[in-house]
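A quick write-up on the structure given underneath.
The values are calculated or read from the model by the stated rules, or taken from the named source; none is laboratory data. Model, not experiment: these values are computed from the prediction. Please note: Cβ atoms are built from the backbone with ideal geometry, for glycine as well, and neighbour counts cover all protein chains shown. Calculation scope for accessible area: heavy atoms of the full protein, side chains included, ligands and nucleic acids excluded. Shrake-Rupley method; radii C 1.70, N 1.55, O 1.52, S 1.80 Å.
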Amino acid sequence: MPSVAVKLYSVFFKFLLKHRLQNRIQTPLDGNSYGVTTRPEESVSASNPSFTDGVATKDIHIDPFTSLSIRIFLPESALNPPDRQSDSRNPKPKVNNNNNQNPHIVRRNSLDYSGSSSPPLPPTTVKARDEARRYSYGGSNDVNNESLNNGVYRGYSPNVDKPRKLPVMLQFHGGGWVSGSNDSVANDFFCRRIAKLCDVIVVAVGYRLAPENKYPAAFEDGLKVLNWLGKQANLSECSKSMGSVKGSAEFKKDDLARHIVDAFGASMVEPWLAAHGDLSRCVLLGVSCGANIADYVARKAVEAGKRLDPVKVVAQVLMYPFFIGSVPTHSEIKLANSYFYDKPMCMLAWKLFLPEEEFSLDHTAANPLVPGREPPLKLMPPTLTVVAEHDWMRDRAIAYSEELRKVNVDAPVLEYKDAVHEFATLDMLLKTPQAQACTEDIAIWVKKYISLRGHEFSY
């Protein structure tokens, strides 16, 4: 069973969440289509473009019509020469199978919740977060890709030979559609941990929240970021090709025109992704309701096919997805009053997220097991599902992974004993051994699909 501290914090957490949800129902909306991505009560962590803790971050506002933004997490390993990649591998953690009847479900042993109750990153105000966005594009692109200016990593040069390329992980935070943010203290801590353990560039999406922006706003934001990544890859290639003509006779004849075009293209290129991002190895990771977004984006990526080139979604991770349905599962009946996010509060969150005329527990955004969903499941990317023993949503997530396995999709389940919903991402649980073990297990599985040939990880 969860510890006494977890049980007490759960009661306090549910009291505050219920109060906030009820207030959002009673408060009339102003109809602002620009959107809300951070609540005033959220503690946010300012971006930090230096590698003080092994990961540099920056915030970028990528859509002029909405509040959609992203936070990029660049691990310091990106500055290592390519020939050192094989030496920086971490040893594979051991996973205890416990002889389950279902070989696709791996259960972790119960672990002590004796760690610190909060991450070490200092919270800041939303105003401080916005001021930190002056680093949005990291400075001039004339800086060498391994150069640092006062500890701040600025960008890249298109002519640098053999920069270190890392896979890109698109991350969607949780919060029941109505809270949470990509730059919250908890999400910032989790993404830094994932970036270092998986050795990837994490792009955390600040999608619009309900009820100000109802379905499909959050889903559209997720897909918009995936398309933005594709444009970034193409702009980067264009910048490199223009740089390669330097010194040619044609370049000398039209120096001024080339300078104007190059300057415009360079201003559009995100330097960290251009220098170090390998979008042919893209992974989606969603937390709670973010897992619903990740699954939607994965489906749209499958439908798009080669139109997304060079972006290729090679895998996705669904962490305790926010699934529901009109016919209750065993866990939805037995654990309806479970810890942190119980079923009545989640029903309230769905009412805030779905338009009134579309409200249904079998909505395609809510129930992944609705017959006839497109595209066919057999086309879905490999999918790792993380579930918790004391989470009322666990059975439907397991059932979805079983449907994927029926059509030969690699879809294992990691079930954690004595765990609660958001046990690896909630602020007070982030530093527990169980949260650390979960991210290590995710890294083991993800590296099987993102590692270069000859360095594949298995489990």
Exactly one condition in (1) touching a Pro at 6+ places or on another chain (Cβ under 6 Å); (2) buried (at least 20 other Cβ atoms within 10 Å of the Cβ) is not met by V387; state its number. (1)
Residues (at pLDDT 95 or above and closer than 21 Å to A399 by Cβ) located in the stretch 410-437: D410, A411, P412, V413, L414, E415, Y416
Looking at the stretch 165-198 only, could you name the residues that are part of a loop (DSSP other than H, G, I, E, B) and among the hydroxyl-bearing types (S, T, Y)? S179, S181
Those residues of the stretch 42-64 which are part of a loop (DSSP other than H, G, I, E, B), in contact (Cβ under 8 Å) with a residue 24 or more places away in the chain and not polar (S, T, N, Q) amount to E42, A46, P49, F51, D53, G54, I62, D63
The one condition L430 fails out of (1) in contact with a Lys or Arg (Cβ under 7 Å, 6 or more places away or on another chain); (2) open to solvent by less than 10 Å² (accessible area, probe 1.4 Å) is (1)
Among the helices (runs of 4 or more DSSP H) contained in the stretch 266-369, which hold 1 or more residues that are closer than 30 Å to P75 by Cβ, open to solvent by 10 Å² or more (accessible area, probe 1.4 Å) and among the small types (G, A, S)? 289-304
Tell me yes or no: at least one residue of the stretch 440-455 is closer than 21 Å to F340 by Cα and open to solvent by 10 Å² or more (accessible area, probe 1.4 Å). no
Would a scan of the stretch 439-446 turn up a residue that is in contact with a strand residue (DSSP E or B) (Cβ under 8 Å, 6 or more places away or on another chain) and in a loop (DSSP other than H, G, I, E, B)? no
